[in-house]
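Comments concern the structure below.
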Amino acid sequence: MKLIVTGASGNFGRATAECLLERVPADALILVTRDPRKLADFAQRGCDVRRGDYGEPDSLATAFAGGTKMLLMSASKVGSRIPQHQRAIDAAVAAGVKHIVYTSYVGLDGPNPSLAVSDHRGTEELLRQSGAHWTILRNSQYIDAVIEAQAPHALRAGRWIASAGDGKIAQVSRDDCVAAAVAVLAEAGHEDQVYNITGPELLSFREIAAIIAEVSGRPIEYVVVDDEGMYAFFDSLGIPREAVPDQVVNAIPWSSDDMVSVEAAVREGYLAVLTDDVERLTGRKPKSIREMAEERRSELAAA
């Protein structure tokens, strides 16, 4: 069996490839990236590194040839994912891939206001109609984003600005999402299943801010604003309102339209999803925000 990992030079993709090497031979891995030079270290270890771009269908036909099971990493830009994913799914099926595993998003049921929802709903429907087996991993928001982006801003300012109010979310570590994906890729089964990949507890951003303050030893005031106040905050950081390619400003790789809509989804309860799917898939409990904050206490204290 040949396993394909798309987006293999990104944080998630590299971690997935690394973990898969603990379970399958290197020559069983096809690692697809827009820039193969970024995966030279994996090529040296015997992995088959190939160039492929969701925007270039011809490149995907070559990249996916010979693959049996594929991790379809969601594209990064909100609003343009569906045509990219359509090309990838079509190319995979044409190449003979039998099972596609997709990194989706929690809370797709109901009128969730998050802008990301339509992209993921649309992609899930494409998979169901593709003729291939599929597994959908609906990942919650990453705790890593809190530690690496939100918390440092809040610690420097002494204020955590949020329009999410006291809505709750079970954020999950990227490593736990990777472990779940690796389990599905490396094991038989899981066909035509949906898993909700969440952390171990539902917390509000108010509670998260309190944990970060306690662990770092620095005060944070939780300030609730409306959506316009949230836009004003992101405007002050220079964050563009609409998604642009490869956007990273002040360590934040998202547009404010995206982030404000996510805060609204949290506020309205659409992301209050909590499961034990991580433990069922991996055999271990997911990390909590407190655990991750304590692991990176020195970074938070120095932010």
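Values in this text are rule-based calculations from the coordinates and carry no lab data. Please read these numbers as outputs of a predicted model, since none were measured by experiment. When we count neighbours, we look across all protein chains shown, and the Cβ atoms used for this are built from the backbone with ideal geometry, even at glycine.
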>> Along its three principal axes, how long is the chain when you only count alpha carbons? Whole Å, largest extent first please.
In response: 54, 35, 34
> Roughly speaking, what is the centre-to-centre gap between segment 182-238 and segment 271-303 when only Cα atoms are used, to the nearest Å?
Replying inline: 10 Å
>> Can you compute log10 of I(q)/I(0) for segment 125-176 with the Debye formula, treating each Cα as one identical point scatterer, at q = 0.20, 0.30 Å⁻¹?
In response: -0.82, -1.15
> What is the spin-label model distance, in nm, from S130 to A26 if the labels are put 7 Å beyond Cα along the C-beta direction?
Replying inline: 2.8 nm
> Using Cα atoms only, what is the angle between the long axis of helix 174-186 and the major principal axis of the chain, expressed in degrees (0 to 90) to the nearest 10?
Replying inline: 20 degrees
> What does the charge count near G199 come to, summing +1 for each Lys or Arg and -1 for each Asp or Glu among other residues with Cβ under 12 Å from its Cβ?
Replying inline: -3
>> Full-extension gain between S76 and D276, please, as 0.36 nm times their residue separation minus the C-alpha to C-alpha distance.
In response: 69.3 nm
> Using a ≥ b ≥ c from the Cα gyration tensor of segment 23-70 (square roots of the eigenvalues), is it rounded, prolate or oblate, where a/c under 1.5 gives rounded and otherwise the larger of a/b and b/c decides, a/b for prolate?
Replying inline: oblate
>> List the lysines whose Cα sits under 29 Å from the Cα of K77, skipping any in the same chain fewer than 8 residues away.
In response: K2, K38, K69, K98, K168, K287
>> If I stretch the segment between A301 and D192 completely, what's the gain in nm (0.36 nm per residue apart, minus their alpha carbon distance), one decimal?
In response: 34.8 nm
>> Over the Cα atoms, compute the radius of gyration (one decimal) and Dmax (the largest Cα-Cα distance, rounded to a whole number) for segment 38-194, in Å.
In response: 17.6, 54
> According to the square roots a ≥ b ≥ c of the eigenvalues of the Cα gyration tensor, what is the shape class of segment 145-248, taking rounded for a/c under 1.5, prolate for a/b larger than b/c otherwise, and oblate for the remainder?
Replying inline: prolate
> How far apart, in nm, are the 7 Å Cα→Cβ label points at Q44 and L237?
Replying inline: 3.6 nm
> In degrees from 0 to 90, rounded to the nearest 10, what is the angle of the helix 227-236 Cα long axis to the longest principal axis of the chain?
Replying inline: 80 degrees
> By average Cβ neighbour count within 10 Å, what is the ranking of 123-133, 98-108 from highest down?
Replying inline: 98-108, 123-133
>> Could you tell me which residue out of A183, H85, I136 lies farthest along the dipole of the chain toward its positive end? Charges go on the beta carbon: Lys and Arg +1, Asp and Glu -1, centred on the Cα centre.
In response: A183
> Running Debye on segment 87-132 with equal point scatterers at the Cα sites and no solvent, what base-10 log of I(q)/I(0) appears at q = 0.19, 0.23, 0.24, 0.32 Å⁻¹?
Replying inline: -0.62, -0.80, -0.84, -1.20
> Considering only T33, S104, S163, whose Cα is most displaced toward the positive end of the charge dipole of the chain, charges sitting on Cβ of Lys, Arg (+1) and Asp, Glu (-1)?
Replying inline: T33
> So, with +1 on the Cβ of K and R and -1 on the Cβ of D and E, and no other charges, what is the size of the charge dipole of the chain about its Cα centre, to the nearest 20 debye?
Replying inline: 680 debye
> Between segment 91-166 and segment 1-30, how many Å separate their Cα centres?
Replying inline: 20 Å
> D226 to L202: FRET efficiency via 1/(1 + (r/R0)^6), r the Cβ-Cβ distance, R0 22 Å, to the nearest 0.05?
Replying inline: 0.45
> If Lys and Arg each add +1 and Asp and Glu each add -1, what is the summed charge of the other residues whose beta carbon sits under 14 Å from the beta carbon of H99?
Replying inline: +1
> Can you give the angle from 0 to 90° between the axis of helix 11-20 and the longest principal axis of the chain, with both taken from C-alpha atoms, to the nearest 10?
Replying inline: 50 degrees
> Taking H as built 1.01 Å from N, whose amide H comes closer than 5 Å to the amide H of Q141, not counting residues under 5 places away?
Replying inline: V172
> What does the charge dipole of segment 1-141 about its Cα centre add up to, to the nearest 20 debye, if the Cβ of each Lys and Arg holds +1 and the Cβ of each Asp and Glu holds -1?
Replying inline: 100 debye
